[in-house]
Amino acid sequence: MIRSILILMLLFANSGTAVFAATKPLLMEGKKTLFQRVVTKPGATLSSHAGGTDQSKSLAPFSIQYVYSKKRMGQQQWLQVAENVRGENLGWVAEDQSIAWNQGLTVTFRNPLERERALLFKNRDSLKKLIDDQDSQQYKRHYDQAVSGIVASDSPVVAIQPNYNIDATKDFYVAPILQHEDVFFGNSQAKLLKIATIPDTSEAPAASTEPAAPATKIPDGFSTGVVFVMDATLSMGEYIDRTREAIRKIYKDLDETGGTGQVRFGLVAFRDNPDAAEGLGYLTKTFATLEQGVNAEQFFAVVDQVSPATVSSKDFREDAYAGVKAALETIVWNGIDARYVVLVTDAGPREAQDELGSTGLSAEALNKLAEKQSISLTVLHLLTPSGIANHDAAKRSYQTLARYPGVGVLYYGVAAGQLQQFGQAVDILSSQISQQVITAMGGEAPETSKDTSKLAGLAEKISRIGNAMRIQYLNKNQQVPDVVSAWTLDHSFSSPEEKTLDVGVLLTRDQLSDLHERLTKTLESFEDGLLEPGNFIADLKSVAATLSRDPNQLKNTTTNTDLASMGLLQEYIEDLPYQSAALSTSLDDWEAWPVSQQVHFVNSLEEKIAYYQALYDHSDMWYTPGGGPVSGDSVMALSLDMLP
């Protein structure tokens, strides 16, 4: 009997199955508690034996797997992996079907509009030499060759960032950081990064070898959506009427040029907290969706019902952010290629900490939500005399809200709230957007009012955004280059102060929920006096470090098991290429801050919690690798500056 059991044990040990596998994943080199992990490429399969000769099953693209053992079969290295640290459902995957993923940080290419695109080099030394020599001329030669698509055979460049902004909800990719090195470049500190770029090719069409068509003709499927977010409080009656007038004119121009249906309008009205002012009616109301705005008849059947409130709100601030949030969340943007939201108001916004505000979001957070959806935000701010005390603060907030990557700020202040000047701004803005479609279709551009220098600047920015959106549409079937290993610089070579890459953490929807829950509990415990400042800071560091290393482990920790108290914090952060704000904050910093700065720090955490909830609720922002409905396993990259 004993002999039979020993034989069975030997058979199982040699089979590579899960029965007698290692009880823990392999440790990373030089670490005591951090395990080796990989991220799977599209097309990866899991086999029960090393060598993959048996029937195998497909793995979801970009799934994170823990490595339990390694085995070479001929020329091929195989990894025994499982999706958790408990060794459940162990199997074998070929090493070349995965990329090492020993920390959770990934990079994304910044919008290349008005920016230098990132170059990817075959090896470190060739890029490092250009940096050490400050050889901008040689770099430019490499850059120009890559842009032209004619690269010399001895060029050190392997690829270049695409010339359009990549919508991660449609053309998802991950770019894990494999190695990093600090360098000084010009007067800036930068990093050399070794990365891999992995697009999701599981459902993608075959990549074309032909160069992209120039963005001069819009295909029939291209569509533009413009949603006005209108302040509908007591003082706004004549501005509401003038906006309707401008949109009527645009519909007429579209009808005459055959563009009806390709530019759609929507309208969301907002007032203020209805509990604070009896008779105010509503906080936000979507009067017209983009589906209803496909033609003038449908649009005005509902928008003609928009009227100003008959009572005043509590003060000269209103919940403009609630209106913008409603436009981002209640409007169906799927299928819309060029996306614009235009906020019209004569009041300042309810900021995140305002007790009468409803969103808990800052202007920066709303701007990030819009950017994730490839939506540009424009603000027409009516600087009426009655709100003069609030103008400067409101302007700062709205300029943050209306910032567009690579273009600048899409904010226009209407002096004294003059109706004629406002009408001119609305006409030019709407005409510029519709003109991009009409001229690209081969029609004649509609006439626009003569503008002032500020309006000309706003119109020019809108034009640049429109051109970029057309380029993105024309390249929608192309992808980031599939590169196993390359070196790049995280700053622009020609403008060292500008970054070419953003850094984030790849999270599943369930992991974002874990983060929201954990951070909420930490903050509540601190505000209730259950956590001393030292433990509060330590717990924030623990959350940030866990997210940066292995977000899957966040659910296994509590406010009573922070990494600092276990002596593990240094192990987690010592070789991270980038760190979030909490990781660079100490108890000494906290105690040295004035009360106002401490309050600001806590408020910023509350705003991030509200931001996480907005991200979680917005299913359009999530990507399900390999296709399928949005679920807890759907993913997105959360920007490093939005981590604790």
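Nothing in this text is a laboratory measurement; each read-out follows from the coordinates by a stated rule. None of these values were measured; they are calculated from a predicted model. Here the Cβ positions follow ideal geometry from the backbone for every residue, glycine too, while neighbour counts run over all protein chains shown.
Structure summary
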{"quantity": "Separation in nanometres of the label points that stand 7 Å from Cα toward Cβ, at residue 76 and residue 182", "calculated": "4.3 nm"}
{"quantity": "Residues 239, 282 arranged by fewest to most Cβ contacts within 10 Å", "calculated": "282, 239"}
{"quantity": "Rg and Dmax of the stretch 308-381, Cα atoms only, in Å", "calculated": "13.1, 39"}
{"quantity": "Cα-based convex hull, the chain, per residue volume (Å³, whole number)", "calculated": "196 Å³"}
{"quantity": "Residue among 643, 590, 162 farthest towards the positive dipole end of the chain, charges placed on Cβ", "calculated": "162"}
{"quantity": "Residue 256 versus residue 314: modelled label distance in nm, points set 7 Å from Cα along the beta carbon direction", "calculated": "4.8 nm"}
{"quantity": "Average Cα contact separation per residue, the chain, under 8 Å, 6 or more apart, as relative contact order %", "calculated": "15 percent"}
{"quantity": "Helical contribution to [θ] at 222 nm, DSSP H n ≥ 4, -39,500 (n - 2.57), averaged over the chain, rounded to 500", "calculated": "-10500 deg cm²/dmol"}
{"quantity": "Dmax and Rg, reported as Rg then Dmax, of the stretch 224-474 (C-alpha, Å)", "calculated": "16.8, 52"}
{"quantity": "Ascending count of other beta-carbon atoms within 10 Å, so fewest first, for 33, 345", "calculated": "33, 345"}
{"quantity": "Long pairs among 541/608; 31/71; 521/608; 314/372; 41/70, criterion Cα-Cα beyond 24 Å", "calculated": "314/372"}
{"quantity": "Proximal aspartates and glutamates relative to residue 140, as straight alpha-carbon distance under 14 Å, when same-chain residues fewer than 8 apart are discounted", "calculated": "116"}
{"quantity": "Modelled FRET efficiency - R0 22 Å, residue 355 with residue 389, Cβ distances, 0.05 increments", "calculated": "0.65"}
{"quantity": "Share, in percent, of DSSP beta bridges within the chain that are antiparallel, nearest 5", "calculated": "65 percent"}
{"quantity": "Distant-in-sequence amide H partners of residue 36 (H built 1.01 Å from N, under 5 Å)", "calculated": "26, 27, 28, 67"}
{"quantity": "Exposure proxy ranking, count of Cβ atoms within 10 Å, fewest first, for 174, 157, 332", "calculated": "332, 157, 174"}
{"quantity": "Charge-dipole axis of the chain as Lys and Arg at +1 and Asp and Glu at -1 on Cβ define it, positive-most pick from 400, 60, 81", "calculated": "81"}
{"quantity": "Global geometry of the stretch 515-594, whether rounded, prolate or oblate, following the gyration tensor of its Cα atoms and the 1.5 cut on a/c", "calculated": "oblate"}
{"quantity": "Among 265-271, 603-609, 581-587, the order from most to least packed when residues are scored by Cβ within 10 Å on average", "calculated": "265-271, 603-609, 581-587"}
{"quantity": "Rounded FRET efficiency, nearest 0.05, which uses the C-beta distance separating residue 517 from residue 276 and R0 of 22 Å", "calculated": "0.15"}
{"quantity": "Spin-label pair residue 189/residue 84, simplified geometry with 7 Å Cα→Cβ offset, distance in nm", "calculated": "4.0 nm"}
